[in-house]
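Undergrad: Below are the structure tokens for one structure; questions will follow.
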Amino acid sequence: MRFGRSADILTDIDFAVEPGSFHFLTGPSGAGKSTLMKLMYLALLPSRGALTLFGHDVRKLSRRDLAATRREIGVVFQDFRLIRHLTAFENVALPLRLSGIDDRTVNRHVPELLDWVGLADHLDAVPQALSGGQQQRIAIARAVISRPKLLLADEPTGNVDDRLAMRLLYLFEEMHRMGSAVVVATHNEALVSRFPYPRLMLERGRLARVGGGMAGRDESRGRQ
Amino acid sequence: MRKPRVAKTADVPRAPAKRAASPLRTKGDPGARTLMVIAATAAFFAISALMVLAAGTQLVSQWRWAFDGAVTIQIPATGDAAADTTRAAALATALEASDQVARARALGPQEIERLIEPWLGSLDGTGSIPLPRLIDVRLVSGATLDLAALERRVKSVVPEAVIDDHGRWVQGLGQLARTVEVLAVTVLALVGLAVVLAVGLAARTALALHRETVDILHLMGAEDGYVAGLLGRLVFRRTLVGGLIGLALALATLSLAGQIGSGVGAVLPPLTIGMEGWIAILTAPLTMAVISWLVARTSALAALRRRV
């Protein structure tokens, strides 16, 4: 992966994420974790090589199919990326509305999920009225509301204390148990070591495999 | 550390049923007011041009109708009013006998005084100024005017009578009508072009302004049509409100112009706007909003297609 005439940011990346699996994506700052995540949530397309998601080569997908593929992916962004003027309820409801889910279902599921992340009393709060941790939980609720096949979290523990970081990872684990493939990008080695899941380790734009669980049938496959 | 569990539905607070909020914020957007002002100004000019077009067309049509198939014969005054009246009556009678003429009527002195009153003031029937006698001749419907034959007949009764077939007027009115139409259509086209350019720019500005939100929607799987639709609706509402303001201003100006115009009503006939004109004027804000919606949507789609 490269931008314009710059040097390669990611080189010879070849891995597969199985359906319902859980992976950590680790590596030092600048290793290319965010770029790899952007490729996986289709903010970028590979400059060469192949990226296969849910059995489709993304470079061959139409714009409409790319959008449909994005709706199968839940993303927790490092900076949350909540829409500032929308309430917690409306932020979390967005993926459902984009999928054409009716208001009745939206009104039933969104409060349930906000309750699940401990924000049942903040349905009508706008993000800036909430703490960083609360905003992050809204971002997580938004990422998981549509039961994505692939859940990606980019440095979700970067700005929170250890207690909250553990709580967040339990949330992702819960989604993993519910059937989503989960990839969590983090540089927090101590946190990663507390969980038994395989890890994809990036160093200077190249993938160094650590741990098992990366073989088998593809659900989401990236090769760069 | 307690692991989160999905709550039972009964424990969960219910969200009040309400309309989904638009992901694009409209409050406090500086582009919103600018677009509304542009729309109001454009609507004012477009509606004013439509009014001129409609009223001008109606006026020219009225004048044409009045002059078409009509001839006026003028008998110069001799100084003997009674003799002039007798000669006019004789000529009117002679003309009515013609196959071409449906009706010929000699205008009375008071009628003639009323016609020239706007220019010379009231004469109060004093007869202080010798006035020519006028005969209003209406031709048979569909008949082609044989001016030479009519002239021979007129001259046989009153040799010094002058015939005015209004040809110069009708020709001039035709030119005036075409000029008014060209001017109004040019103004409309220029205003339309300005609106299209302004709305296109506003759509691209709105995309830039809401880039963060658009990016989020995009990454969450929103299709280009959805985002373009949001922008289109935003622009539609703003141009519709602006258009209605422009319509109100244009109607107020028309009313003011009508009040001022009533002072010279004796010279100019009252301006009227036909049914078609009113329909075009009253639907102009909606037409402008629909065009703006289309332009905004197309511009947004073109801009979005340049992204991944």
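The values are calculated or read from the model by the stated rules, or taken from the named source; none is laboratory data. Predicted model only: the values in this text are computed from it and were never measured. Methodologically, a virtual Cβ is constructed for each residue, glycine included, from the backbone with ideal geometry; neighbour enumeration extends over all protein chains shown. The protein model used for the area step is the full one, side chains on, heavy atoms only, and it has no ligands, DNA or RNA in it. Shrake-Rupley method; radii C 1.70, N 1.55, O 1.52, S 1.80 Å.
Undergrad: Could you pull the Cα extents of segment B:77-160 along its three principal axes, largest to smallest, in whole Å?
TA: Extents along the principal axes: 38, 24, 17 Å.
Undergrad: Hey, any idea what % of the protein assembly as shown's accessible area is carbon plus sulfur with a 1.4 Å probe?
TA: Reported share for carbon and sulfur atoms: 57 percent.
Undergrad: Post the alpha-carbon centroid distance, segment A:140-157 to segment A:184-199, in whole angstrom.
TA: Centre-to-centre distance over Cα atoms comes out at 17 Å.
Undergrad: Pop out the Kirkwood hydrodynamic radius of the protein assembly as shown from its pairwise C-alpha distances, inverse of mean 1/r, in Å to one decimal.
TA: Averaging 1/r across every pair of different Cα atoms and inverting gives 29.9 Å.
Undergrad: Once you have the Cα-Cα distance between residue B:194 and residue B:20, take 0.36 nm times their residue separation minus that, and quote the gain in nm to one decimal.
TA: Length difference between fully extended and current span is 59.3 nm.
Undergrad: Enter the accessible area of residue A:87 (Å², nearest 10), with the probe set to 1.4 Å and all protein chains included.
TA: About 30 Å², ignoring ligands and nucleic acids.
Undergrad: Shifting gears a bit: Starting from the 7 Å offset along Cα-to-Cβ, what nm value, one decimal, do you get for the label separation of residue A:99 and residue B:138?
TA: 7.8
Undergrad: While we're looking at this one, here's another question. State, to one decimal in nm, how far the label point of residue A:208 lies from the label point of residue A:54, with both points 7 Å from Cα in the Cβ direction.
TA: That separation, rounded to one decimal, is 3.5 nm.
Undergrad: A follow-up question, please. Anyone know which of A:162, A:121, A:154 comes out most mobile in the 10 Å Cα GNM of chain A?
TA: Residue with maximal mean-square fluctuation among A:162, A:121, A:154: A:121.
Undergrad: Okay, moving on. Sort largest first and round to whole Å: the equivalent ellipsoid semi-axes of chain A, each the square root of five times a Cα gyration tensor eigenvalue.
TA: Largest first, chain A gives 28, 20, 16 Å.
Undergrad: Give me, ordered by chain and number, the residues 5 or more places off residue B:77 or on other chains with an amide H under 5 Å from its own placed amide H.
TA: When sequence neighbours closer than 5 places are left aside, the close amide H contacts are B:133.
Undergrad: List, by residue number, every residue in segment B:219-246 with a reduction of 10 Å² or greater in accessible area between the chain on its own and the complete protein assembly, 1.4 Å probe.
TA: With the partner chains in place, segment B:219-246 has these residues losing at least 10 Å²: B:219, B:220, B:221, B:222, B:223, B:224, B:226.
Undergrad: What is the sum of charges, Lys and Arg at +1 and Asp and Glu at -1, for the other residues whose Cβ falls under 12 Å from the Cβ of residue A:152?
TA: My count for the surroundings of residue A:152 gives +1.
Undergrad: Using a simple spin-label model with points 7 Å from Cα along the Cα→Cβ vector, what separation in nm is obtained for residue A:124 and residue B:62?
TA: Result: 5.8 nm between the two label points.
Undergrad: Filter the trypsin sites (Lys or Arg not before Pro) in segment A:40-109 down to the DSSP loop ones having no more than 10 other Cβ atoms within 10 Å, then list what survives.
TA: Within segment A:40-109, the qualifying trypsin sites (Lys or Arg not before Pro) (loop, at most 10 other Cβ atoms within 10 Å) are A:48.
Undergrad: Find the accessible area per residue for segment A:5-112; the probe is 1.4 Å, ligands and nucleic acids are left out, and the unit is Å².
TA: Heavy-atom accessible area per residue stands at 40 Å².
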